[in-house]
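Colleague: Just dropping this structure here.
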Amino acid sequence: MGRLIVRRLFYLVVTMLLASVALFLLFELSPEAVVVNELGPYSTQEQRQIWLEQNGFNRPPHERYLAWLSRFAVGDLGHSRLFNVPVAQILATRLGNTAILAAFFFAALIPLSLSLGALAGMKEGSWLDRVISFICVLTASVPPFASTVLLSAILVFSLALLPGTSSMMDGFSYRELIMPVAVLVLYDFGYVARMTRASMAEVMMTPYVRTALLKGLPYRRVILSHALRNALIAPFTVIMLHVNWLVSGVIVVEFFFAFKGFGSLVLEASLAKDLHLLEACTMTTVVIAVCTQLAADIGYMFLNPRIRFK
Amino acid sequence: MNPVAPATAADAKPILELDGLAVSYFARAGEVPAVTGVSLALKRGESLGLVGESGCGKSTIALAIMRHMSGSGRIVNGTVRFGGRDMGGLDAEELRAIRGAGIAMVFQEPMSALNPSMTIGRQLVEVLTHHGMMAEHEARKRTAEVLADVKLPDVDRVAASYPHQLSGGQLQRVVIAMGLLARPAVLLLDEPTTSLDVTVEAGVIDLIAGLRQRYGTALVYISHNLGLIAQVCDRVAVMYAGEIVEQGPIADVFGRPRHPYTAALLRCIPVPDADKYQRPLAPIRGTVHLPQDRPPGCGFSTRCEHAVPGTCDRAPIPLEPTQDRADGLVRCVRWRELDLREKPLPPAAFERESTEEMLLTANELEKHYPVPGEGWRAVMGGERRWVKANQNLNFRVRRKQTLAIVGESGCGKTTFAKVLMGLESATGGQIVYQGVDLGALPVAKRDARLLRSLQMVFQNPDETLNPSYSVGTQVGRVVRKFGVERDAARVRGRVRQLLEMTRLPAAFRQRLPRQLSGGQKQRVAIARAFAGSPSVVVADEPVSALDVSVRAAITELLIDIQREHGTTLVMISHDLGLVRYIADRVVVMYLGQVMESGTADQVFAPPYHPYTEALLSAVPVADPTIARTRIVLEGEIPSATNPPKGCPFHTRCHRKLGDICVNVKPPEHRTGDGLHRIACHIPLPELERMEPVFRRGRPAAV
Amino acid sequence: MTAAPQEQTIAAGDEESRSRGLARLVRAIGLLRESRLAMLGVAIVLFWIVVAVFAPLLAPFSPTANIRPMQPLLSVAPNGGRFWLGTDHLGRDILSRLIYGARTVLIYAPLATLSAYAVGIMAGLLAGYRRGWIDEALSRLGDLVLAFPALVLYIVIISKFGASGFNIILAVTLASGPGIMRIVRGLVLDLSGRAYIAAAQLRGESALYVMLVEILPNCRGPIIVDACLRLGYVVVTIGTLGFLGLGLPPPNPDWGSMINETRQFALIFPYMVVSPCLAVSSLVLGLNLLADGLREISARD
Ligand SMILES: Nc1ncnc2c1ncn2[C@@H]1O[C@H](COP(=O)(O)OP(=O)(O)OP(=O)(O)O)[C@@H](O)[C@H]1O
Ligand code: SF4
Ligand code: SF4
Ligand SMILES: [Mg+2]
């Protein structure tokens, strides 16, 4: 097992390095693009030349990459043109806000989708299964951008139950979190629940569940200690990997509800072509992705005795 | 209607009774009557075998007894009584009390029958605690006792293990222990040894027989293997297509069958003291019907040699008592008039191939596979370990003969085949064929002529044909590829010929693999292998996944085609019975090394290599007139990554001499003109004094 | 187990397999008919295909003509026709835009998915069949791409290269290719251990033949199911990009942009946003139901 973890750590580093190379090639390779972005389209040729020289852009690309990377590695992420503050600062604030959103999202998603999925998978083909399954396909078919609008139309505009924006102008507000979390959960719980259902249904068909039943164990006990334990391994991994998916979802809801989080930051950075900010945001998503991947792998190993006691 | 056996002893009251049990599955295509009216009675402590080919409803009966029907299954008729109570009238709680405690069940695949994420100990203990039989600590004590009873070493370690940490043989013992834990009155065993190696199987069978005496448990032993049933059971019920066709004491039923199906089945399995020249197998014609299109009247009538139209296929045939033997029942209208004793067959219709022309020579052949090592350095790909799949193989294959390579799992049989075919490259030594070293010539580098002359038949019929293409397309592709024919019409003609050769109807050309049965798929695979008229065909366990009667048919087909074409056959098998039957020469392998080689007659008679002796004694034999020495090997087959030094067999050898076997590689004795080789430290004269394993004529030892 | 009719033996090998493929398709649809939900999926998808194909015939107005702004549902148009779904803030007929929007999405989504599949399948076949360093390199590359959240990848690409139909196809190919590669690779790893692959190698077939003729057709079940689901995701993606203002340049009607452009009027004129929302959701639902039905069939086979 130690071997597997080391291997994954190795891949993690490789992936991040590759990602940094890709970003560099995309954004920093051509000095021309960098300087135009930095000084604006109306800067003179002379100004650009001076700026390039000052910032060491006349060196060969691989040296520039190494310099860029070492700056990145020590946390010097540059300056955001859009917000006129250091990138690290705005990034930290926005990540913090999105972390709160994510925490509520998972707190709602996990119990809802796991319990529905397990219920449906317990008796494959029963009416309960069919109802749950249909609800899951239905909700998973409404894209977040559509559900933000539809939900707002109902809950915010027609019924006036909830605030329509989540900009938190007057300080932190739980009420303003409800809509974004609801939209995200609505789109996603169906997917996780269906995954759980499939896993549960598969486990219910296994010979060891039959063995447990034929040992004369009560049905409850068979479900709780034999079936669920094994059926939840797969959804666990899926949920962990959902952090990555969540970033995509968060961009949409934060944009719509004007929530000042990481998702809207990515979008703002790209619309404003704020290079340093965009680079830092993208790199952050990669770090988040590989770290959750690692966490998922390690968690999987702990849940699965086949790997734990190799 | 139900002729239950009359009471003979004081305790004759049956513990388990089935009366007219009928079970159907309700599939999309309609009702599948899997079991139609089965009546059985099992007395306390008795052991009943349920034997029959795949799909005849054996497992369905077992599950119906437990009243555990999968979603689509339903008991449509009849009753099951346990201890006199009708199981159908029990509520869920009462049923639960009987499951595991009154009747327990052991399944085929022990690995999948145990929860992978719970320790063995907990899975066992919960049987007792949940039946409220005893408290946790007592239950743990009892568990340890029973684990010791099933002869598992180091009981505490086993109890603390997860299933994947034990071997197949150990798991099967665990599952049997689980069955016996609550001391049930009845234990149902559904093919409990099918996935095990022969020598490990022999150990488990012995164990079951022993425990039955100790625990006084009544057994229902389900198997397709007549030989195993003969070893474990007192009585046997032979099933065909959802009903019992014959029932009675083992020695009677197998010694003098009354039903044509039983007799035909016995003619489908080789006996250990005869080969293809002395006693050819007689396959049953046709194939088993699906339950839904069973013929009216006698279910066997479409395949029975003795069927008389108008008599056999009219009304349902009752199960009648046979007066001349205790407790005997038979379901055949003509049983009184038929004489089903095995008639001596006409002398062999063909000659023994006795050429000495060498076709293939394996010379110190060696194949080692790299496996990732452990530890930190291995992560970066530094350190490597090797599985020694083949070591120092030396043997020769003679033209037109059949060479059998026999051994248990992991002995390197398939590796050898892969190297020979070029799917893997040897890491040392040579296989010489027509002056070329095949071991160093992967398929990609072989020319068309060489490819054509070496072909292969594979083990698993379900994976041997590409599911996307019709039979005709697949066989036709080979014909075209090997340039046998090019013109479309002639290719089709050739395909038709090949199908005919494998006794398949020409219309099968258009079928997709999933429209064929296992045996038919294997026939197509044989047609494909012979399409380019190869000179050597390697058959890797070609019949081991097939049913008894199909197995006989495919074996005979292979022999016939081989003889017609003068092909050399390299047959790879773990089944010594089959090898004895088919082979001219035999190579016995263990952990990648040759233990013994020679002509079939030499290998199957003393002097034996101790491993050969043990393998032979593990062959299940149905014929009650054959007695044999019983040798049960201890332990499991060691891993090929880390094979024992000295003699590889020393960890299990029943004749081990001592340290010399542990430390020194055994010498090779040569006898019988030098053609018979045995690698063992025991001196040759002593080996020559061995008793033959099988003796005919004496009554079966129990 | 009825014997195949013997009269058909005239057909030559290739025609045989072609007619069989057709028969299989018919059979698959027959099986789909057993599931009502799958049939609903088929109906929805077919409906949108018909709408997209016959858009010029079905749309009552030009999708880009500014006729009369902010007309409610069912209101009468100046030319005597009707704005069945009203008009938007620029006076364009919403129904017509919806109909042409179907065209946009049903052109770009399948094209993008197809292109992602072409890349993913080839890479997956190579990685799974050749193994070794090719596999290692392709898999690491795939991991790299998958480390970017899909939408971030789209945003980065589109902010760098600009929004156009071609770039969207490119971005989808890049973002989905690795996922498809993983699926195909897994299938190939499993299938290449089968005896029929060994049999093909033993008769000297080339690697390309083995990959394309022996392996690929047997991957079709899972691939088709996945393609349906993925097509749904791509529809969502294209919509999302439009919604974020990164979609196809205006005035091309596309459902996501329609929502984005009119969402500030949602309070007063909810109909402007509701109909494109329903349109995109129904198409995705149809594809998901179809995928479910197909999955059930392939599990049965
Ligand atoms: N769940 C099911 N649905 C439909 N038909 C089934 C089902 N299970 C079994 N059958 C059919 O019922 C018949 C009897 O099956 P069963 O498993 O009892 O046979 P068996 O004698 O145990 O065979 P084997 O030796 O292969 O284990 C077969 O024709 C089988 O195809
Ligand atoms: S009843 Fe007739 S067909 Fe059936 S087994 Fe007896 S002889 Fe054969
Ligand atoms: S060498 Fe020793 S251990 Fe090996 S088979 Fe002979 S007696 Fe047994
Ligand atoms: Mg069975």
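The values are calculated or read from the model by the stated rules, or taken from the named source; none is laboratory data. Keep in mind the model is a prediction, meaning the values are calculated, not measured. So basically every Cβ, Gly included, is an ideal-geometry build from the backbone, and we count neighbours across all protein chains shown. For accessibility, only protein heavy atoms count, side chains too; no ligands or nucleic acids. Shrake-Rupley method; radii C 1.70, N 1.55, O 1.52, S 1.80 Å.
Colleague: With chain C treated as a Gaussian network of Cα nodes joined by springs under 10 Å, which of C:Val76, C:Val184, C:Val172 yields the largest mean-square fluctuation?
Modeller: Taking springs between Cα atoms under 10 Å, the residue moving most is C:Val76.
Colleague: For chain B, what's the relative contact order in percent, using C-alpha pairs closer than 8 Å and at least 6 residues apart?
Modeller: Dividing the mean separation by the residue count of chain B yields 12 percent.
Colleague: Along the Cα-to-Cβ line of B:Ala444, 7 Å from the Cα, sits a label point; which residues in the stretch B:409-423 have backbone N less than 20 Å from it?
Modeller: Those under the cut-off are B:418-423.
Colleague: Classify chain C from the C-alpha gyration tensor, please: rounded if a/c falls under 1.5, else prolate or oblate depending on whether a/b exceeds b/c.
Modeller: oblate
Colleague: If you build a Gaussian network model of chain C, linking Cα atoms that sit under 10 Å apart, which residue out of C:Ala65, C:Ala175, C:Ala55 swings the most?
Modeller: C:Ala65
Colleague: How far is helix C:165-191 tilted, in degrees, relative to the longest principal axis of the Cα atoms in chain C, given as a value from 0 to 90 rounded to the nearest 10?
Modeller: Orientation of helix C:165-191: about 30 degrees from the principal axis.
Colleague: Which one, B:Thr199, B:Gly168, B:Pro184, projects farthest toward the positive side of the charge dipole computed for the stretch B:141-245 from Cβ point charges (K/R +1, D/E -1)?
Modeller: Positive-most Cα among the choices belongs to B:Pro184.
Colleague: Additional query: Given Cβ point charges of +1 (Lys, Arg) and -1 (Asp, Glu) and nothing else, what value in debye, to the nearest 20, does the dipole of chain C about its Cα centre take?
Modeller: Rounded to the nearest 20 debye, it is 300 debye.
Colleague: Chains C and A: buried accessible surface, both sides, probe 1.4 Å, rounded to 100 Å²?
Modeller: 3700 Å²
Colleague: Can you list residues from other chains, or at least 5 along the same chain, whose modelled amide H is less than 5 Å from the amide H of B:Met595?
Modeller: Long-range HN contacts for B:Met595: B:Val588, B:Met589, B:Tyr590.
Colleague: Follow-up. For chain A, list the DSSP H helices whose alpha carbon atoms reach 30 Å or more along the long axis and whose average Kyte-Doolittle value is 0.0 or above?
Modeller: For chain A, where a helix must reach 30 Å along its axis and average at least 0.0, the hits are A:2-23, A:87-122, A:174-204, A:233-257, A:275-303.
Colleague: Mind giving me the nanometre distance, one decimal, between the label points for A:Asn84 and B:Asn394, set 7 Å out from Cα along Cα→Cβ?
Modeller: According to this spin-label approximation, the distance is 9.1 nm.
Colleague: Distance between the C-alpha centers of the stretch B:468-503 and the stretch B:669-691? Whole Å please.
Modeller: With the stretch B:468-503 and the stretch B:669-691 each reduced to a Cα centre, they are spaced 48 Å.
Colleague: Another question, if that's okay. Hey, could you get me the Stokes-Einstein D for the stretch A:88-278, Kirkwood radius over alpha-carbon pairs, 4 °C and 1.567 mPa s, rounded to whole µm² s⁻¹?
Modeller: For these conditions, the coefficient is 71 µm²/s.
Colleague: While we're on this one: Please give the average number of partner chain Cβ atoms lying within 10 Å of the Cβ of each residue in B:460-468, rounded to a whole number.
Modeller: Mean number of neighbouring Cβ atoms from other chains: 6.
Colleague: Further, regarding this structure: Cα axis of helix C:132-147 to longest principal axis of chain C: angle in degrees, 0 to 90, nearest 10?
Modeller: Tilt relative to chain C: about 20 degrees.
Colleague: Using a Förster distance of 22 Å, how high is the FRET efficiency between B:Glu305 and B:Asp560, based on the Cβ-Cβ distance and rounded to 0.05?
Modeller: About 0.65, to the nearest 0.05.
Colleague: Which of rounded, prolate or oblate describes the protein assembly as shown when judged by the alpha-carbon gyration tensor and an a/c cut-off of 1.5?
Modeller: It comes out prolate by the Cα gyration axes.
Colleague: Give the residue from B:Asn460, B:Ala448, B:Val491 lying farthest towards the positive end of the charge dipole for the stretch B:378-532; charges sit on Cβ (+1 for Lys and Arg, -1 for Asp and Glu) and the dipole is referred to the Cα centre.
Modeller: B:Val491
Colleague: Then there is this: On a full-extension model of 0.36 nm per residue, what is the gain between B:Arg28 and B:Arg122, subtracting their alpha-carbon distance, rounded to one decimal in nm?
Modeller: Here the answer is 29.9 nm.
Colleague: If you take every DSSP beta bridge fully contained in chain B, what fraction is antiparallel? Give it as a percent rounded to 5.
Modeller: Around 65 percent antiparallel, to the nearest 5.
Colleague: Given points 7 Å out from each Cα along the Cα-Cβ axis, report the B:Thr671 to A:Ala107 separation in nanometres with one decimal.
Modeller: 8.2 nm
Colleague: Also: Straight-line reach from B:Lys367: which lysines have a Cα under 29 Å away, not including same-chain ones fewer than 8 places off?
Modeller: Reachable lysines: A:Lys310, B:Lys388, B:Lys400, B:Lys413, B:Lys418, B:Lys445, B:Lys645, B:Lys656, B:Lys665.
Colleague: Using r as the Cβ-Cβ distance of B:Val662 and B:Asp154, and R0 as 30 Å, what FRET efficiency do you calculate, to the nearest 0.05?
Modeller: Rounded to the nearest 0.05, the efficiency is 0.90.
Colleague: If we count every other residue with Cβ under 14 angstrom of C:Ala116's Cβ, Lys/Arg +1 and Asp/Glu -1, where does the sum land?
Modeller: That works out to +1.
Colleague: Calculate the length of the line joining the C-alpha centroid of the stretch C:53-77 to that of the stretch A:11-32, in whole Å.
Modeller: Comparing the Cα centres of the stretch C:53-77 and the stretch A:11-32, I get a distance of 48 Å.
Colleague: Rounded if a/c is under 1.5, else prolate if a/b beats b/c, else oblate: with a ≥ b ≥ c from the C-alpha gyration tensor eigenvalues square-rooted, which is chain B?
Modeller: Oblate, since a/c reaches 1.5 and b/c is not below a/b.
Colleague: Oh, and also: Among A:195-204, C:148-157, B:655-664, B:424-433, what's the highest-first ranking by average C-beta atoms within 10 angstrom per residue?
Modeller: Final packing ranking: C:148-157, A:195-204, B:424-433, B:655-664.
Colleague: Also: Long-range amide H contacts for B:Gly78: which residues qualify at under 5 Å (H placed 1.01 Å from N, peptide plane, sequence gap of 5 or more or a different chain)?
Modeller: B:Ala22
Colleague: Here's something else I'd like to know. What is the Cα centroid distance between the stretch B:179-206 and the stretch C:149-163, reported in whole angstrom?
Modeller: 62 Å
Colleague: Using the beta-carbon distance between A:Leu29 and B:Ser54 and R0 = 56 Å, what value does 1/(1 + (r/R0)^6) give for FRET efficiency, to the nearest 0.05?
Modeller: 0.30
Colleague: Now, a different point. Tell me the carbon and sulfur percent of the accessible area for the stretch C:42-300, rounded to whole percent, probe radius 1.4 Å.
Modeller: Summing carbon and sulfur atoms, their accessible area is 69 percent of the total for the stretch C:42-300.
Colleague: Another one. Taking the simple approach of a point 7 Å from Cα along Cα-to-Cβ for both A:Thr44 and B:Arg334, what is their distance in nm?
Modeller: 11.5 nm
Colleague: Quick one: among C:Thr262, C:Thr173, C:Thr237, which has the greatest mean-square fluctuation in a GNM of chain C with alpha-carbon springs under 10 angstrom?
Modeller: The residue with the greatest mean-square fluctuation here is C:Thr262.
Colleague: Another question about this same structure. Mind checking the dipole of the stretch A:2-73: about its Cα centre, +1 per Lys or Arg Cβ, -1 per Asp or Glu Cβ, Debye to the nearest 20?
Modeller: Computed charge dipole of the stretch A:2-73: roughly 620 debye.
Colleague: Less than 10 Å Cβ to Cβ from B:Leu166, Lys/Arg counted +1 and Asp/Glu -1: what total charge do the surrounding residues give?
Modeller: Once all neighbours under 10 Å are counted, the net charge is +1.
Colleague: Related question: Report ³J(HN,Hα) in whole Hz for each residue of the stretch C:209-219, in order, from the Karplus equation J = 6.51 cos²θ - 1.76 cosθ + 1.60 where θ = phi - 60°; Gly and Pro get x.
Modeller: So the Karplus estimates, Gly and Pro as x, are 4, 4, 5, 7, 9, 8, 8, 3, x, 7, 8 Hz.
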